[in-house]
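Report on the following structure.
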Amino acid sequence: MKKTDPRRFVLTWIVPALLGGVTVFGFAPFYLFPIPIVALALFYRSLTGLGPGEAFRRGYVFGLGWFLAGVSWVYVSMHDVGELSLPLAGLVTVLFASVLAFFPALAGGLSAQLRVSGNLRALLGFPALWALAEWLRGWVLTGLPWQSLGYSQVPYGPLVGFAPILGVYGVTWLAALSAVGIGRWRPWPLALVVALWAAGLGLQTLEWTQPAGEPVSVSLLQGNVQQDLKFRPERLAATLELYGQQAMASQSRLTVLPETALPLFREDVPPDYLQRLADHARAQGGDLLYGVPDRDADGRYYNSVMSIGVSAAQTYRKVHLVPFGEFVPLGFRWLVDAMKVPLSDFSRGRPNQPPLDVAGQRLAMNVCYEDVFGEELIDALPAATLMANVSNDAWFGDSFAPWQHLQIAQMRALETGRWWLKDNNTGITAVLDHKGRVVASLQPFTAGTLDSQVQGMTGATPFVRWGNRAFLALAALSLLVAAGLGRRETA
């Protein structure tokens with residue numbers, strides 16, 4: 001029997017997993033933005049001289065460490081809230097991370113296929129492959145781009161200055177390029193990294209969008225309704241009363257309730273309840289937005305946000321649905337039934353819905369993890385002057401997820417050059433300015449109201465105009481040049 005080489009075992013399995021795992025400290029709530037870059041630099045160095053198969057394996061193990069640490073909150077959703085048994089919830093979490101790990105593995109295997117040797121090919125090849133693999137992860141199987149490397153640079157990393165131009169995947173590409181520059185440990189690659197970071201800091205001083213009109217007062221309501229109690233019939237009256245009291249206390253021109261704040265179909269909400277809220281909103285000269293399931297004449301139901309108040313009544317219906325939570329993937333009905341998810345088969349809303357005209361602003365809505373898909377949100381721009389996300393992160397409990405979700409919203413604010421309203425059932429409820437900075441926030445797991453002033457903005461960042469096309473063109477060009485250099489080396 002062939003004896004296992006302990007050193008090879010450690011390098012193949014232990015080191016990549018640890019390097020992937022420590023990247024979690026670069027993301028919220030830790031915000032130590034250099035750590036993922038350094039971890040990726042060390043991982044990149046470990047690929048030196050490897051064939052595609054071995055590089056793929058190490059990339060896969062690195063990805064397992066990355067996602068088992070970074071999206072460990074999936075277990076909380078499955079077990080603590082979804083009531084799956086511990087073994088089944090653990091198995092689903094590992095399988096989930098195993099699927100996501102394929103994409104770092106793909107980047108590792110393909111980079112070895114490039115047979116990168118010189119500094120230039122390394123800088124052109126691996127970063128582009130890494131960023132393209134993450135972009136691919138953003139749409140395969142409806143997409144889950146959570147924990148993309150670029151998010152780790154928000155809000156303190158210098159590379160976020162590129163976010164309004166190239167978006168999160170462009171920042172991912174530049175972060176991976178920085179990792180390769182550090183990993184090569186040669187003078188001119190290191191000088192390139194310094195120049196990139198200096199350019200990013202300079203770009204942060206630019207104003208891509210302009211204020212429009214006077215600031216608007218807003219109240220974001222956080223009910224802190226436990227997920228396991230939310231849809232119980234005996235809790236309905238208490239939930240309606242809670243949000244009713246919070247809304248009636250608001251003196252803002254715009255009041256926002258979180259996702260499915262009213263846990264019953266719109267047609268079943270007591271008319272006098274909504275009339276009372278509408279009258280109060282009109283008395284403030286503004287409008288109120290509330291999350292509620294909405295059913296059409298054919299029986300299809302939607303995860304919706306509706307408005308009442310001075311402006312005409314309007315509706316936004318969620319477009320990008322969450323697998324298992326809002327629709328049932330083929331063959332997985334058994335898992336959704338085991339999780340006891342209420343309303344688990346929503347229909348998609350119509351794409352390209354216009355912004356809502358409320359409180360004198362044009363407000364582009366998105367619901368829950370729709371804000372993870374930055375390119376999908378720019379369809380409402382530059383028409384929209386404000387952006388708003390309503391969520392129910394109670395599904396994730398006291399985990400990293402609500403903080404990571406806030407970090408994602410910060411990236412969206414940078415990409416769009418718009419103030420963001422982030423209203424959550426239990427956290428993190430926050431107001432972000434057009435630079436992604438947190439202006440005000442509420443503590444999670446508390447019931448309260450966040451009162452603030454927000455500024456409408458006009459104009460368009462380069463990312464709003466180009467979407468991911470600029471990043472994709474640059475990454476593709478990098479790969480073409482790297483491949484061309486490789487052919488010249490072997491000729």
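Things worth noting here:
- Restricting attention to the range 343-392 and to residues that are assigned to a loop (DSSP other than H, G, I, E, B) and among the aromatic types (Phe, Trp, Tyr), the residue that is nearest to the chain's Cα centre (by Cα) turns out to be Phe373.
- Taken over the range 352-398, the criterion of being over 24 Å from Gln455 (Cβ atoms) and not charged (D, E, K, R) is satisfied by Asn352, Cys368, Tyr369, Val372, Phe373, Asn392, Ala394, Trp395, Phe396, Gly397.
- For first residues located in the range 95-109 and assigned to a helix (DSSP H, G or I), partners that are surrounded by fewer than 20 Cβ atoms within 10 Å (Cβ to Cβ) and among the aliphatic types (A, V, I, L, M) and lie 6+ apart or on another chain with Cβ distances below 8 Å form the pairs Val99/Leu141; Phe103/Leu136; Leu106/Leu136.
- For the range 89-105, filtered to residues that are surrounded by fewer than 20 Cβ atoms within 10 Å (Cβ to Cβ) and not hydrophobic (A, V, I, L, M, F, W, C), the residue that is modelled with the highest pLDDT is Ser98.
Condition check ((1) out of contact with any strand residue (DSSP E or B) (no Cβ under 9 Å at 6 or more places or on another chain); (2) touching a residue at least 60 places away in the same chain (Cβ under 8 Å); (3) surrounded by 18 or more Cβ atoms within 10 Å (Cβ to Cβ)) across all residues:
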{"site": "Gly427", "(1), (2), (3)": "no, yes, yes"}
{"site": "Leu432", "(1), (2), (3)": "no, no, yes"}
{"site": "Phe445", "(1), (2), (3)": "yes, yes, no"}
{"site": "Gly459", "(1), (2), (3)": "no, yes, no"}
{"site": "Phe463", "(1), (2), (3)": "yes, yes, yes"}
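- Within the range 75-88, the set of residues being without any contact (Cβ under 8 Å) to a residue 60 or more places away in the chain and buried (at least 21 other Cβ atoms within 10 Å of the Cβ) comprises just one member, Tyr75.
- Residue that is surrounded by fewer than 19 Cβ atoms within 10 Å (Cβ to Cβ), modelled with pLDDT of 95 or more, touching a strand residue (DSSP E or B) at 6+ places or on another chain (Cβ under 7 Å) and among the small types (Gly, Ala, Ser), where the choices are Ala212, Ala278: Ala278
- Among residues of the range 200-226, those that are within 26 Å of Leu254 (Cα to Cα) and not in a loop (DSSP other than H, G, I, E, B), counted: 9
Let's see how each residue does on (1) within 20 Å of the chain's Cα centre (by Cα); (2) outside any loop (DSSP other than H, G, I, E, B); (3) not assigned by TED's automatic domain parsing to the domain that holds Ala247:
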position: Ala394; (1), (2), (3): yes, yes, no
position: Pro402; (1), (2), (3): yes, yes, no
position: His405; (1), (2), (3): yes, yes, no
position: Lys422; (1), (2), (3): yes, yes, no
position: Gly427; (1), (2), (3): yes, no, no
position: Gly436; (1), (2), (3): yes, no, no
position: Val439; (1), (2), (3): yes, yes, no
position: Phe471; (1), (2), (3): yes, yes, yes
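- The set of residues in the range 106-118 being at pLDDT 95 or above and either out of contact with any helix residue (DSSP H, G or I) (no Cβ under 6 Å at 6 or more places or on another chain) or surrounded by fewer than 21 Cβ atoms within 10 Å (Cβ to Cβ) (or both) consists of Leu106 alone.
- Filtered by the rule that a residue be small (Gly, Ala, Ser), assigned to a helix (DSSP H, G or I) and over 17 Å from the mean Cα position of the chain (by Cα), the range 139-193 gives Gly161, Ala175, Ala176, Ser178, Ala179, Gly181, Gly183, Ala191.
- Of the residues screened, Thr172 is not one that is among the hydroxyl-bearing types (Ser, Thr, Tyr), surrounded by fewer than 21 Cβ atoms within 10 Å (Cβ to Cβ) and at pLDDT 95 or above.
- Among the candidates Ala401, Ala413, residue that is among the aliphatic types (A, V, I, L, M) and modelled with pLDDT under 95: Ala401
- Matching residues in the range 264-296 - criterion: being in contact with a helix residue (DSSP H, G or I) (Cβ under 6 Å, 6 or more places away or on another chain), within 23 Å of Arg235 (Cβ to Cβ) and in contact (Cβ under 8 Å) with a residue 60 or more places away in the chain: none
- Leu124 being surrounded by 24 or more Cβ atoms within 10 Å (Cβ to Cβ), hydrophobic (A, V, I, L, M, F, W, C) and under 18 Å from Leu40 (Cα atoms): yes
- For the range 28-50, the tally of residues that are part of a loop (DSSP other than H, G, I, E, B) and either in contact (Cβ under 8 Å) with a residue 12 or more places away in the chain or of a type in the set (Lys, Arg) (or both) stands at 6.
The values are calculated or read from the model by the stated rules, or taken from the named source; none is laboratory data. Being a predicted model, the structure only gives us computed values, none of them experimental. Don't worry about glycine lacking a Cβ; one is built from the backbone with ideal geometry, like all the others, and counts go over all protein chains shown.
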